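Okay, so here's the structure we're looking at.
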Amino acid sequence: MITHRPSAKSIDEAAARWVARLDAGALTPAEDTELTAWLDSDTRCVGAMARAQAYFVSPRMELAMRILRRPPAPSVTQWGTLPRRAVLMGAAASVLGAAVLIRRPAPAAGRRYASEVGEVRRIPLPDGSKITLNTDSVLEVDYREDSRTIRLLKGEAYFEVAKNPDRPFVVEGPKAQARAVGTAYAVRLEDDKGGMRVQVTSGRVAVELPPQAPPATAWQALERLWTPSTGATNGTHVTANQEAEVRIGLNAAGVEEVQVSLRDVAPGALGRSLMWREGLLSFEGVTLAEAAAEFARYSVQKIVVKGAPAHERISGLFAATDPAGFARAIALGLRIKSKREGDVITLYK
């Protein structure tokens, strides 16, 4: 069977089309797969892509082309085990001095990820960062040349951030944002008003609040001068084994006020609070009512605690998606009764 290799001209034309498409914006997953297959289809495709990029980007096109057309150095044979994209990235960067011209495209701006109730979802990002998305949560990923932005729309997530000082990693909530370079931290939306909790396991995170809106009236301006601040107004830095809480309320004049507080957390306690990443819930001296509310996030089965048992304090480690097993264990431990009707489990004296 005779196979015909594409001509050099057709490869150059295809490279030019790909460069134009990349400049227009992030590729779709199908286009990304197609580009990878094309680069792997012929050894000439890599060089053609670099030449097309040089024409497109460099203001000194002739110089760039002369460099690109130089015969490869003998050591190029050592690159055989590397992905062709990695080779092309290094070549293009050396030609144009600063820019890495070919790279795996980032997720499209505003790409949305969601988890079901009871699901813990792991999401790898193209820069090496990782997201662990907790139950019933939603976020959007917006990667750009100079920034990495995550919009947490619902729920909770844990972020392991690949270090890159030139592209800060920002998790945005309704009323505040958590900015990092290379660290690991969790962000949870606490209520529908925009409250947020940030827990840092390593590194350092800046929890930033929006600028305070200008007073609408002279009275509000005077009230701000007279009223002492009860918390940080522009945010704070959170380091390992600390957590910050963003609270939204009204001041004496009835104007919305966003404040952030900071506290130290014992390493063991912080680790226990993040056991949800392994599908577990860890309780340490919480009321039974609080534990029941936490279980409600992970299952359609709900636990209702009636009467005095709601105030009993409990500790233990439980499977997050097994509220029935939790209820049985608590009923035995506290010597109370348990009754199940459909998706409702009632604990009572």
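Measure off 7 Å from each Cα along the Cα-to-Cβ vector at A310 and S147, then give the distance between these two points in nanometres to one decimal.
Placing both labels 7 Å along Cα→Cβ, they lie 4.4 nm apart.
With 10 angstrom as the radius, rank D264, D32 by how many other C-beta atoms surround their C-beta, starting from the fewest.
Ranked by crowding around the Cβ, least crowded first: D264, D32.
Longer than 21 Å from Cα to Cα, which of K193/K302; K154/K306; K306/K339; K130/K175; K175/K302 are they? Say none if no pair is. Display every interim value, and only then the final one.
Values: K193/K302 24 Å; K154/K306 29 Å; K306/K339 11 Å; K130/K175 24 Å; K175/K302 30 Å.
Exceeds cut-off: K193/K302; K154/K306; K130/K175; K175/K302.
Hey, can you grab everything whose amide H is under 5 Å from the amide H of V117? Only 5+ residues off in sequence or another chain; H modelled, so Pro and N-termini drop out.
D136
Select from the range 228-333 those GluC sites (Glu not before Pro) which occupy a DSSP coil region and have at most 15 other Cβ atoms within 10 Å, ordered by residue number. It would help to have the intermediate numbers written out before the result.
Values: sites: E243, E245, E256, E257, E278, E284, E290, E294, E312; in loops: E312.
Nothing satisfies the criteria.
Quick check on the range 301-349: take the gyration tensor over C-alpha atoms, sort the square-rooted eigenvalues as a ≥ b ≥ c, and tell me if it's rounded (a/c under 1.5), prolate or oblate.
oblate
So how much slack lies between V286 and E34, counting 0.36 nm per residue of separation and subtracting their Cα-Cα distance, in nm?
Separation in residues times 0.36 nm, less the Cα-Cα distance, equals 85.4 nm.
Any read-out appearing in this document is the output of simple, stated calculations on the displayed coordinates, not a laboratory observation. It should be emphasised that the depicted structure is a prediction, and the values quoted were computed from it without experimental measurement. Reconstructed Cβ throughout: ideal geometry from the backbone, glycine too, with neighbour counts over all protein chains shown.
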